[in-house]
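Below: the structure, in structure tokens.
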Amino acid sequence: MANSEILYDANDGVATVTLNRPDRLNAWTGTMHTELKAAMRAASDDEAVRVIVLTGAGRGFCAGADMNVLQGVQAGGGAAANQTEAPFDPAADPNFSKTYSYFPAVPKPIIAAINGPCAGLGFVISLYADMRFASDAAVFSTAFSRRGLIAEHGISWLLPRAVGMAHAADLLFSARRIGAVEAKEMGLVSRVIPHQSFMDEVLAYARMLATEVSPRSLREMKREIWNAQFQGLGDAIESANADMPASFVSEDFKEGVAHYLEKRAPAFTGR
């Protein structure tokens, strides 16, 4: 696919999507937003792709909104932050149909591979991923309070769920910079990996998901996990109970039992 501000590569069941403005620490633009959403659509529609890795080119993940964009907003007296867009998946929960909240509607796991500075809008985007792995060179900042802004784009909902209310308040109020180790201690990222081997280890994990577990299970579990954030326990149980009969007659359930009994590698179809 032809792009100017992202790179897209699909191999071994893994689509790697790279924000590609390395000279600007991959600062966010409208073009990047449009191209990223198209890449997520391509990965969703490609049956060969089972896992998506999102990372940044060069030494950064995403430094937030490009300053030229912010200056344009300032000069124009402000602009609507969440303009109306076609939903990524009309059947998904309406909460996942906002401008930046569509990652949960992508029916495949998204791993944010945070290779360097991750700030502002880039920080928010990473929170919409299903998992966050950080290089030991990664640095995080919410940034908003130091620009006179607010807790934008749903971060007031996302961040407390990741790190708890007190840590979220700290990171939002102060906009201080934290390293990867502190981010892991808070629960913001689940793994810290040496920078030298970072992408090799991220992709090894992604390929494991792509080859060793059921794509149908990944799809259904992702939907259940995100939908459950808006449900009580009883509703989540009822939803899972409603999903269970279809899993028992799926091809992947049959294959899951067969490959275990036959002591061979699985050949899941996602159906």
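The values are calculated or read from the model by the stated rules, or taken from the named source; none is laboratory data. Computed from a predicted structure; not experimentally measured. Cβ sites come from the backbone with ideal geometry, for glycine too, and all protein chains shown count toward neighbours. In case anyone asks, the SASA skips ligands and DNA or RNA and just uses the protein heavy atoms, side chains included. Shrake-Rupley method; radii C 1.70, N 1.55, O 1.52, S 1.80 Å.
Points worth noting:
- Euclidean distance of C-alpha centroids, segment 123-137 and segment 202-271, integer Å: 23 Å
- Anisotropy class assigned to the chain is prolate, per the alpha carbon gyration tensor with a/c at or over the 1.5 cut-off and a/b larger than b/c.
- Comparing mean-square fluctuations of Asp235, Asp46, Asp66 from a GNM of the chain with C-alpha springs under 10 Å, the top value falls on Asp235.
- Highest-MSF residue in the chain out of Gly148, Gly164, Gly64 [GNM, Cα springs under 10 Å]: Gly148
- Interchain or long-range residues, amide H under 5 Å from Ala27's placed H: Ala63
- Which of Tyr8, Tyr100, Tyr260 is most accessible, then next, and so on - probe 1.4 Å: Tyr260, Tyr8, Tyr100
- Solvent accessible area, Å² - Leu171, 1.4 Å probe, full protein context: 0 Å²
- Charged-residue dipole, Cβ positions (Lys, Arg, Asp, Glu), the chain about Cα centre, Debye nearest 20: 540 debye
- Looking at the chain alone, DSSP beta bridges between its own residues are antiparallel in about 30 percent of cases.
- Global geometry of segment 195-271, whether rounded, prolate or oblate, following the gyration tensor of its Cα atoms and the 1.5 cut on a/c: oblate
- Relative to its Kirkwood radius, the Cα radius of gyration of segment 142-271 gives an Rg/Rh of 1.09.
- About the Cα centre, charge dipole magnitude for segment 122-258 (Lys/Arg +1, Asp/Glu -1 at Cβ), debye: 560 debye
- Count Lys and Arg as plus one, Asp and Glu as minus one, and take only other residues whose Cβ is under 9 Å from that of Ser190; the net charge is then +3.
- Accessible surface for Phe230 stands near 80 Å², nearest 10, in the context of the full protein assembly shown (1.4 Å probe).
- Computed helical MRE - 222 nm, the chain, DSSP H runs ≥ 4 contributing -39500 (n - 2.57), nearest 500: -13000 deg cm²/dmol
- Net charge contributed by nearby residues that have their C-beta within less than 14 Å of Ser239 (K/R +1, D/E -1): -4
- Summed side-chain charge close to Ala65 - residues other than Ala65 whose Cβ falls under 10 Å, Lys, Arg +1, Asp, Glu -1: -1
- Once divided by 2.2 N^0.38 Å, the Cα radius of gyration of segment 1-61 becomes 1.07.
- Unit charges on C-beta of K, R, D, E only; dipole of segment 131-198, Debye: 100 debye
- In order along segment 202-214, the phi-based Karplus estimate (6.51 cos²θ - 1.76 cosθ + 1.60, θ = phi - 60°) of 3J(HN,Hα) comes to 4, 5, 4, 5, 4, 5, 4, 4, 5, 10, 10, 10, 6 Hz; Gly and Pro are listed as x.
- GNM flexibility winner over the chain from Phe248, Phe140, Phe96 (Cα, springs under 10 Å): Phe248
- Karplus-derived 3J(HN,Hα) values for segment 170-176, using 6.51 cos²θ - 1.76 cosθ + 1.60 with θ = phi - 60°, are 4, 5, 6, 5, 8, 6, 6 Hz; glycine and proline are entered as x.
- ³J(HN,Hα) computed for each position of segment 139-146 - Karplus, 6.51 cos²θ - 1.76 cosθ + 1.60, integer Hz, glycine/proline x: 9, 10, 7, 6, 6, 4, 5, 7
- Total lysine pairs in the chain at Cα distances under 17 Å, for residues eight or more apart or on different chains: 4.
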